[in-house]
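Read through the structure below, which is laid out as C-alpha cells, and then see the notes.
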Amino acid sequence: PDVPFVPVLSGPREITLTTPAANLYRVVPDMAQTVAGLADYAFAELGWRRAAVLSDDWEGGWASTDAFAAGFCRLGGHVTARVTIGVENAGTAVAVPDDVDGVAVLVSGLFGPVEAVRRLAAGRDDPAREIVIGPYVTADPQLRRALGPALEGAVGTMLVPAPGSPAVESHLR
C-alpha cells in the first residue's frame, strides 16, 4: 500500500472507476475516453449520418467502438456496421458497406492493419472527409508512417501528445 502504481497503458476504466486502490494513479485516458469528440466531429463537421467502424477485435477495439457508437447515435446518427481486424484476418481486405458516409478507423498496430486500412482508404472517394482515425494510429509512429499518404487529411484523436513536437504544440494551442 505504500508503493504508488501508475498504469502505462490506458486499459479498461474499471481499474480506477469504482473502488480504486489508494496507491493507483491513472494519468492517461481509458480506451473509451481516447475517442472523445470523434463522433461529434464526424456528425457535425463532416455531416455523417451513417457510419461504419473498423476496429481491433480485443478490449481496446471494443471500448473505443462502443464509445464512438454511443456518441454518434446520441446525435442521431446510425452505426450500421462494425468490422474487426483480428488474428484470423490480419492483413486482408475488409468489407465495409458502401452505403455509409464514413468509417471510424479505431485500429492499433496489434493485428497488422496497414493493408486493410490502405484498401479501405483507396475505396473511398475522399478519405479526408470519409475517414476519422482513432488514437492508436496517431500515437504509433510506424503505423502513421505506413498509412500516411492513404489517410492524408483525415482527422484523428490523440492518446498522449508528444511533447515538444511543433505540430502537437500548434494543435494544443
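The values are calculated or read from the model by the stated rules, or taken from the named source; none is laboratory data. Here the structure is a predicted model, which means the values were calculated and not measured. Note that we place each Cβ from the backbone using ideal geometry, even for glycine, and neighbour counts take in every protein chain shown. Please note that ligands, DNA and RNA were not included when accessible areas were found on the heavy atoms of the full protein model with its side chains. Shrake-Rupley method; radii C 1.70, N 1.55, O 1.52, S 1.80 Å.
Condition first: within 24 Å of Ala63 (Cβ to Cβ) and open to solvent by 20 Å² or more (accessible area, probe 1.4 Å). Now tell me which residues in the range 107-126 satisfy that. If the condition is that a residue be within 24 Å of Ala63 (Cβ to Cβ) and open to solvent by 20 Å² or more (accessible area, probe 1.4 Å), then Gly109, Leu110, Phe111, Gly112, Val114 are the ones that fit. Working only within the range 1-44, note down all residues that are free of Cβ contacts under 8 Å to residues at least 12 places away in the same chain and charged (D, E, K, R). Correct list: Glu14 only.
On the basis of being in contact with a helix residue (DSSP H, G or I) (Cβ under 8 Å, 6 or more places away or on another chain), over 13 Å from Ser55 (Cα atoms) and at pLDDT 90 or above, does Gly102 make the cut? Answer is yes for this residue. Ala63 falls short of the stated requirement of being open to solvent by 50 Å² or more (accessible area, probe 1.4 Å), part of a helix (DSSP H, G or I) and out of contact with any Ser or Thr (no Cβ under 8 Å at 6 or more places or on another chain). Take Glu45 and tell me if it is among the acidic types (Asp, Glu) and open to solvent by 80 Å² or more (accessible area, probe 1.4 Å). For Glu45, the condition - among the acidic types (Asp, Glu) and open to solvent by 80 Å² or more (accessible area, probe 1.4 Å) - is met.
Every listed requirement among (1) assigned to a loop (DSSP other than H, G, I, E, B); (2) at pLDDT below 85; (3) touching a strand residue (DSSP E or B) at 6+ places or on another chain (Cβ under 7 Å) is met by Pro97 save one, (2).
Could you pull out the residue among Thr16, Thr92 that is part of a helix (DSSP H, G or I), at pLDDT below 95, over 17 Å from Tyr136 (Cα atoms) and open to solvent by 30 Å² or more (accessible area, probe 1.4 Å)? Answer to the check: Thr16.
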